[in-house]
Structures are given as C-alpha cells and as structure tokens.
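These notes are about the structure you will find just below.
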Amino acid sequence: MKIVAMVGSVRRESYNMKLVRYMQERYSSEVEIEILPINELPFYNEDEELNPPELVKILREKIKESDGILFATPEYNASIPAVLKNAIDWFSKVEPVLVNKPAMIVGASMGVLGTVKAQLHLREILNAKNVSTRILPGNEVYVGSVHQKIDEYGNLKDEATIQFIDSVMDQYIKWVERTVEFETSY
C-alpha cells in the first residue's frame, strides 16, 4: 500500500515532520509512506493552473497513484499553515486528485490540546467540493505536549501515544484496503 504524506510545517525541527518520519519507519512493513515536498510548491496561481509548474504535475501524479493521503498539521493561529492550504489548492483545481482519496489526519504541538482547532479547519477544507477526500472517521490523532513524548532522534517514547497511533494506523490501513477494494469492484 502506498500513502503520500503532506506535512504542513517547514521548520527544520518540525515535530509534525518527526511524527510522520516516525510513522514512515514504524509502519514500513505494512505501508510505504512518501513525504511530498509541498514546501517547494510555488504559491497557487489561477493564471498558471492550466499549465502548472513541473513540480505540481509530478506531485499530482504521485497523489493519483497513491492509495491514500496522510495529512500532518501543526496549528498556527488556530488554523492550518499556508503551505498545507497552498498544496490543497493546487491539487483540487483543474485535475482534482484528492477527490475520494482515503485520508488520515495527525497533528503534534507543544500545547496540551495538540492541533484540535487546526484539524477542525482541515476537515472542513478536505470536505470542500473539489477536495472531497474520504477522511478516516472517528480516529483523531492530536499529539499534545509532543516535546515531552518524542526523543532527540524523533522517536516517540510515550507508550500510550505509541499504542494509540498504532491503533489508529491499523484502522486506517484496513479502511484504505476496504476503500480500494470497493472501488475496484465497480
């Protein structure tokens, strides 16, 4: 199974990037997670959408070929970062490749609530007409106080968090398999 990941943080020591890299390694025997370089995308420009930059075309193709999408978002001013919104805009116009893709959302922050508000906004965006991803229901992953749960190498060390993410990832993998199986049966 191939999953593409969009990480909404450009910070070198991003906890969200560390979380996705941890997931990439931990679940490598079950799923291949490829982190898309959305931070390298130019700003979405309607004037260029019919003839987008080469990187947009390459990443659009990777999304099309994937079985699902993992979104990782920090919370900036109670919402998602511009880099993540920019990527969603590029991939929902002209050739909307996010439509019906099984999606999972995770988020990590130093605050106690994790990324609750950002994920609420992201869910609204992912439900928009030309986006319309299939968001994994009932399995929100908010990793609050992440700086106390992750070591200097980017490994989660909090056993309760690890078990919880294991459980949600298991649900996500099964859900993607059912979704892909359903689509290929028609």
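The values are calculated or read from the model by the stated rules, or taken from the named source; none is laboratory data. Remember, predicted model here, so these are calculated numbers, not experimental data. Methodologically, a virtual Cβ is constructed for each residue, glycine included, from the backbone with ideal geometry; neighbour enumeration extends over all protein chains shown. Surface accessibility is based on the protein's heavy atoms, side chains included, excluding ligands, DNA and RNA. Shrake-Rupley method; radii C 1.70, N 1.55, O 1.52, S 1.80 Å.
What is the gain in length, in nm to one decimal, between D166 and N45 on full extension, counting 0.36 nm per residue of separation less the C-alpha to C-alpha distance?
Length gained, D166 through N45: 39.7 nm.
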Subject >> the range 92-181 - Kirkwood radius from inverse mean 1/r over Cα pairs (Å) >> reply: 14.4
Original post:
At a probe size of 1.4 Å, how large is the accessible area of L120, to the nearest 10 Å²?
Top reply: 90
Subject >> Longest to shortest principal axis, alpha-carbon extents of the range 42-146, angstrom >> reply: 43, 25, 21
Subject >> DSSP-assigned coil residues among chymotrypsin sites (Phe, Trp or Tyr not before Pro) in the range 1-91, each with at most 14 further Cβ atoms within 10 Å >> reply: F43
**OP:** Calculate, for E177 and K93, the FRET efficiency according to 1/(1 + (r/R0)^6) with r their C-beta to C-beta distance and R0 41 Å; round to the nearest 0.05.
**Re:** 0.90
**OP:** Enter the accessible area per residue of the range 1-143 (Å², integer; probe 1.4 Å; all protein chains in place).
**Re:** 48
Original post:
Which whole-Hz couplings ³J(HN,Hα) result when phi for each residue of the range 103-116 is put into the Karplus expression 6.51 cos²θ - 1.76 cosθ + 1.60, θ = phi - 60°, listed in order with x for Gly and Pro?
Top reply: 10, 10, 10, 10, x, 10, 8, 6, x, 5, 8, x, 10, 4
**OP:** List, in order, the whole-Hz ³J(HN,Hα) value for each residue of the range 11-24 obtained from phi through the Karplus relation with A = 6.51, B = -1.76, C = 1.60 and θ = phi - 60°; use x for Gly and Pro.
**Re:** 5, 3, 9, 4, 5, 5, 5, 4, 4, 5, 5, 4, 5, 4
**OP:** Rounding to the nearest 20 debye, state how big the charge dipole of the range 72-178 is about its Cα centre with +1 on each Lys and Arg Cβ and -1 on each Asp and Glu Cβ.
**Re:** 480
**OP:** Could you please state how large a percent of the accessible area of the range 34-186 is carbon and sulfur, counting protein chains only and using a 1.4 Å probe?
**Re:** 50
Original post:
Long-range amide H contacts for I35: which residues qualify at under 5 Å (H placed 1.01 Å from N, peptide plane, sequence gap of 5 or more or a different chain)?
Top reply: A5
Original post:
When the dipole is taken about the Cα centre of the chain, and only Lys, Arg (+1) and Asp, Glu (-1) are charged at their Cβ, what size is it in debye, to the nearest 20?
Top reply: 320
Original post:
What does the charge dipole of the range 1-102 about its Cα centre add up to, to the nearest 20 debye, if the Cβ of each Lys and Arg holds +1 and the Cβ of each Asp and Glu holds -1?
Top reply: 360
**OP:** Apply the Karplus parameterisation 6.51 cos²θ - 1.76 cosθ + 1.60, with θ equal to phi minus 60°, to every residue of the range 68-79 and state each ³J(HN,Hα) to the nearest whole Hz, in sequence, with x for glycine and proline.
**Re:** x, 10, 10, 9, 10, 10, x, 10, 10, 6, 6, 8
**OP:** Please work out how much length the chain gains when fully extended from D158 to E32, using 0.36 nm per residue of separation minus the C-alpha to C-alpha distance, in nm with one decimal.
**Re:** 43.0 nm
